[in-house]
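First up is the structure itself, then whatever we jot down about it.
Each value in this text was obtained by applying a stated rule to the coordinates, not by laboratory testing. Given the structure is predicted, the values throughout are model-derived calculations rather than measurements. FYI the Cβ positions are ideal-geometry reconstructions off the backbone, even for glycines, and counts take in every protein chain you see.
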Amino acid sequence: MSKEYQFLVAPLIFLFLSWYKYADTSSIQVDDNFFSTEFKILGNYILSLGAMLYSFYIFRKYFTNSIPFSNYFKLNILLAFICFLTLPMYSSDIFSILSFGTAEQFNSQIYTSYELKPSNIYYDYVYKLYRSVPCVYGPLNIWLSKLCQLSPHSVIINLFSIKFIYLILHFGFIFLIRFFSTRIHSEVFNLNYIRWIPLFPLVWFQGFMQLHNDILALFLAIVGAILLFTFHRLAASVFFLTLAFCIKFNFIFLFGIYFVYWFDLKNRIHRVKLSLGVIFSGIFLRVVYWPFIENWNDIFAPVFVISKMGTHGSLKELLGLVGGIIDKNWLMEMYDIGLGILIFALFYLRKRSKISTSWFQGLMLLTVIVISLYAHRFFPWYLLLVMFFFYFKFPHSHEWWKWLTIISMAYCLQDLSVQIPHALRLFQLNVGMATILGFIAIFLFFRVRFLR
């Protein structure tokens, strides 16, 4: 067996752990459903964290190597089936998504006053906080979950039905990269590096194993970007970005970055093609949104839900370690002011050093800061969107992978800690360590790249 099959060691560990947990607890519940003894809980945490660290090490080791496509294809096929057979262990989000598909009628309550009833088959699988929280996902998720309700009684059957769709998407992405790699040459995209996306630990772990929908939106956005920057298919690219937005709303950031970078490359926008893209996307939005809205204000309901859940999530967890010693509201205001000063200082230093500032660089910096520091809580899979940005600016550079790996490892420490029950301080300590490491990595990356 080729050495690159070391990629499969970590996925196989998670496959074993997930089914061992199922045998130990007789349930695929995630929240408040841990292993039966403290020894098993600690062992699971150590093995999980070790598997993720090893996976990042292997990725870093082989990223610069050239793997024959036949080996790459076989490796991804095996990885896809391992992920398909693995049960979710660290996040119940997929059950929340599936629960929205059980509504008898599509109506605006999904986005305004949704409440999961105790009689629903997913009630025990959805985290208690989210049983009465309206949907914060795009409408395509609800259509997808409706499609996957194959059984009215079995959560496992419905879970594997949506995992099958992820499996098909994985295969489709591999064949798409193969198709593009033999037909195009792009200064923006290095397809030899893009093909590594399915093997990046955050993608297969958070996407194909834990089933976070960011992975669906990421692949759609990448297809849209390739259509624009390689084939100059403006209308088609806008449509694919709209598909990504209809999966996960935070991909709306890409619309601005998308066209700013297009202008930075000195490209012209053809008004007719842009108009066609906007018209087709508008019609599509109208169709997929129509069953969920009674008035247009309902469209903005998910934004209001997210804002009520709070901001400065990671910072709040850090402050939780010191209890009520510090006025959190005062400190967060000072933090906002300090961050604003830092941003202006970066642009001032670039101007003083006579460095040409790209609008794309500025927009990317601000977007990464907003997503990473102001999120309700910065979860590792949010980095999938950040990863997409880096492909634009540094398609031929290996350096950005190093910093992204450090940030990803830091936040995986936070994510895996949720399996430790009744240990609030320990969880806050994990979040604090992960946040500090992530901040350092983000700062070092932009200090090196932005100030050149």
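In sequence order, what are the phi-derived ³J(HN,Hα) couplings for the range 204-216 according to the Karplus relation 6.51 cos²θ - 1.76 cosθ + 1.60 with θ = phi - 60°, rounded to whole Hz, with x for glycine and proline?
6, 7, 6, x, 7, 8, 8, 6, 7, 6, 4, 5, 5
Net charge near Ala10: determine it from the other residues with C-beta under 14 Å of the C-beta of Ala10, scoring Lys and Arg +1 and Asp and Glu -1.
Working: positive: Arg60, Lys61; negative: Glu4.
Residues close to Ala10 contribute a combined charge of +1.
Expressed in whole Å with the largest first, what are the equivalent ellipsoid semi-axes of the range 40-128 derived from the C-alpha gyration tensor as the square root of 5 times each eigenvalue?
Working: eigenvalues 282, 74, 27 Å².
Each semi-axis is √(5λ); the values are 38, 19, 12 Å.
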